[in-house]
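**Student:** Pasting a structure here, questions to come.
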Amino acid sequence: MGGVTVQNLQITASNPDPALLDLPWDIPLEQWPAETLAALPRGISRHIVRFVRLSGRVIAIKEIGESVAYREFELLRQLRRLEVPSVVPVGVITGRKDADGERLEAVLITEHLQFSLPYRALFSQALRPDTATRLIDALAVLLVRLHLVGFYWGDVSLSNTLFRRDAETFAAFLVDAETGDLHRELSPGQRSYDLDLARTNIIGELMDLAAGELLDEDVDEVAIGDALVERYNELWEALTVSESFDSNERWRVAARIEQLNTLGFDVGELAITTDIDGTTVQIQPKVVDAGHHSRRLLRLTGLDVQENQARRLLNDLDSFRAAAERQNDDEEFVAHDWLSGVFEPTIQAVPRDLRRKLEPAQLFHEILDHRWFTSERAGRDVPMAEATQSYVDDVLRHRPDEKAILGLAPGETDELFG
């Protein structure tokens, strides 16, 4: 990690970008000129947050107290090392002063998470009524993953989370670690407090959406808050609870591992113990790692995608393998042929200016869905190329650009997303 001092400005970053020096640090963030900003949907934050294009990427800049900025920067770096879904920390800038020499707040800089949206932006779009439930499922998985590595969040909410589409579901990413703390292991009390706070905050946020007529009338806010607790406890139990069985039921070890794989987790290590006479076996996962399907797809194809997208792509790969009657061929060779003969041509058939609307894996997933629907409607098997063209013309052209939601003036974005 490096530090750069320019006059009184101190830049602390893992990889300092000289372009940071060109930004107007002598102006309060709230007053930054529109031409400096990227028009992106902002979530609700207790601090001033702005998005800026820098060196071909978009960064998020948050004004915050100096000690808190350094602490959050370090926490985010630790979470990245632990491979927990969270925003990438870029750096901290302190020593800011305005033209009159008055001190300005320090800032924390993170990379904007491409293709992600705050929850209010999601609800402002025409989404299905079950969106709230799917967001809660994603948040429950994120909270479990954080607790497994010993991270106490302290302010779990939809506002402190960004969401990316992941096939038919969403994947959640931690954005704000300001109130968090990393421990070797969390006590049941710490986990319970985090979970209870999450339920309270989420019910309040959903009620706020309902008051703004952004929530479907059929949605029960309290029931969704309760569903978070239920989903969290279900996941936590599957990942951590010890299981006992007779020694002649050893198949249950493999069944437990398969259950965890189905949930999207790999088992790195199992604790297996027997009683004195060897008649009872007890197993408990010791090391559980998320991303079972995404790791398998990455190994086979080099595609680095979300967990449920990977599951869908692997299913298509398996169908390709069966259709070509190549079940006895080496899996890596079949995967290479699927990638070069199916996945890549499909993505390349989408016009370049429309490709940026969604991640490639999400595009492919939606084209597969569209192909199934059009085939059912036509009463025949619609070829992939025909389905892709139909999807582009009938669906994709009318979709918002989720890479960044660009093209709106900053003021228009504020009106849309608060």
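The values are calculated or read from the model by the stated rules, or taken from the named source; none is laboratory data. All values reported here derive from a predicted model rather than from experimental measurement. Note: ideal-geometry Cβ built from the backbone for every residue, glycine included; neighbour counts use all protein chains shown. Each accessible area value is taken on the protein alone, full model and side chains, heavy atoms only, with ligands, DNA and RNA left out. Shrake-Rupley method; radii C 1.70, N 1.55, O 1.52, S 1.80 Å.
**Student:** Quick one: ranking 384, 207 by accessible area, 1.4 Å probe, largest first, what do you get?
**Tutor:** Details: 384 35, 207 95 Å².
Putting 384, 207 in descending order of accessible area: 207, 384.
**Student:** Just to verify a number: what accessible area does residue 262 come out at with the full protein assembly present, 1.4 Å probe, Å² rounded to tens?
**Tutor:** 90 Å²
**Student:** Continuing with the same structure: Subtract the Cα-Cα distance of residue 258 and residue 352 from 0.36 nm times their separation in residues, and report this length gain in nm to one decimal.
**Tutor:** 29.9 nm
**Student:** Report P(r) for the chain: all Cα-Cα distances, bin width 10 Å, range 0 to the bin holding the largest distance, values in whole percent.
**Tutor:** Going from the shortest bin to the longest, the percentages are 4, 18, 26, 26, 17, 6, 2, 0, 0.
**Student:** What is the sum of charges around residue 196, taking Lys and Arg as +1, Asp and Glu as -1, for the other residues whose C-beta is under 14 Å from the C-beta of residue 196?
**Tutor:** -2
**Student:** Below 8 Å, C-alpha to C-alpha, sequence gap of six or more: please give me the relative contact order for the chain in percent.
**Tutor:** Relative contact order for the chain comes out at 14 percent.
**Student:** Protein chains only, probe 1.4 Å: how do 152, 70, 193 rank by accessible area, largest first?
**Tutor:** Putting 152, 70, 193 in descending order of accessible area: 193, 70, 152.
**Student:** According to the Kirkwood expression over distinct Cα-Cα pairs, how big is the hydrodynamic radius of the range 25-98, in Å?
**Tutor:** Value: 13.7 Å, from the Cα pair sum.
**Student:** Using DSSP H assignments, which helices in the chain have an axial alpha-carbon span of 20 Å or above and a mean Kyte-Doolittle hydropathy of 0.0 or higher?
**Tutor:** 131-148, 221-240
**Student:** Can you pull the Kirkwood radius for the range 116-240, inverse mean 1/r over Cα pairs, to one decimal in Å?
**Tutor:** When all Cα pairs of the range 116-240 are included, the Kirkwood radius is 14.6 Å.
**Student:** What number in nm² do you get for the range 167-235 if you take the convex hull of its Cα atoms and divide its surface by four? Spell out each step's value before the answer.
**Tutor:** Values: hull surface 25.6 nm².
For the range 167-235, the mean projected area of the Cα convex hull comes to 6.4 nm².
**Student:** Could you state the per residue volume, in Å³, of the convex hull enclosing the Cα atoms of the range 142-190?
**Tutor:** On the way: hull volume 3.9 nm³, N = 49.
In the range 142-190, the Cα hull volume divided by residue count equals 79 Å³.
**Student:** Would you check the accessible area of residue 397, probe 1.4 Å, heavy atoms only, in square angstrom rounded to 10?
**Tutor:** Approximately 120 Å² for this residue.
**Student:** Just the accessible area for residue 186, please: 1.4 Å probe, Å², rounded to the nearest 10?
**Tutor:** Rounded to the nearest 10, the figure is 20 Å².
**Student:** I would also like to ask the following. When the accessible area of the range 10-111 is computed with all protein chains present and a 1.4 Å probe, what percentage of it is carbon and sulfur?
**Tutor:** Within the range 10-111, the accessible surface is 47 percent carbon and sulfur.
**Student:** Pop out the carbon and sulfur fraction of the accessible area of the range 263-315 as a percent, whole number, probe 1.4 Å.
**Tutor:** That fraction is 48 percent.
**Student:** To continue, here is another question. If you wrap a convex hull around the Cα atoms of the range 219-307, how much volume per residue is inside, in Å³?
**Tutor:** Expressed per residue, the convex hull around the Cα atoms of the range 219-307 is 123 Å³.
**Student:** For the chain, what does the helix formula give at 222 nm: sum of -39500 (n - 2.57) over DSSP H segments with n ≥ 4, over the residue count, nearest 500 deg cm²/dmol?
**Tutor:** -13500 deg cm²/dmol
**Student:** Sticking with this one: By DSSP, what percent of the beta bridges with both residues in the chain are antiparallel, rounded to the nearest 5?
**Tutor:** Bridges in the chain are about 100 percent antiparallel.
**Student:** Please calculate how many Å² of accessible area the chain carries per residue, with a 1.4 Å probe and no DNA, RNA or ligand atoms counted.
**Tutor:** 49 Å²
**Student:** Among 163, 333, what's the order by accessible area (1.4 angstrom probe), most exposed first?
**Tutor:** Details: 163 5, 333 140 Å².
These residues rank, largest area first, as 333, 163.
**Student:** A follow-up question, please. If you take the alpha carbon radius of gyration of the range 307-398 and divide it by 2.2 N^0.38 Å, what ratio comes out, to two decimals?
**Tutor:** Cα-based Rg divided by the globular estimate yields 1.10.
**Student:** Right, here's the next one. Please give, to one decimal in nm, the separation of the simple spin-label points placed at residue 240 and residue 328, each 7 Å out from Cα toward the Cβ.
**Tutor:** So the two model labels end up 4.8 nm from each other.
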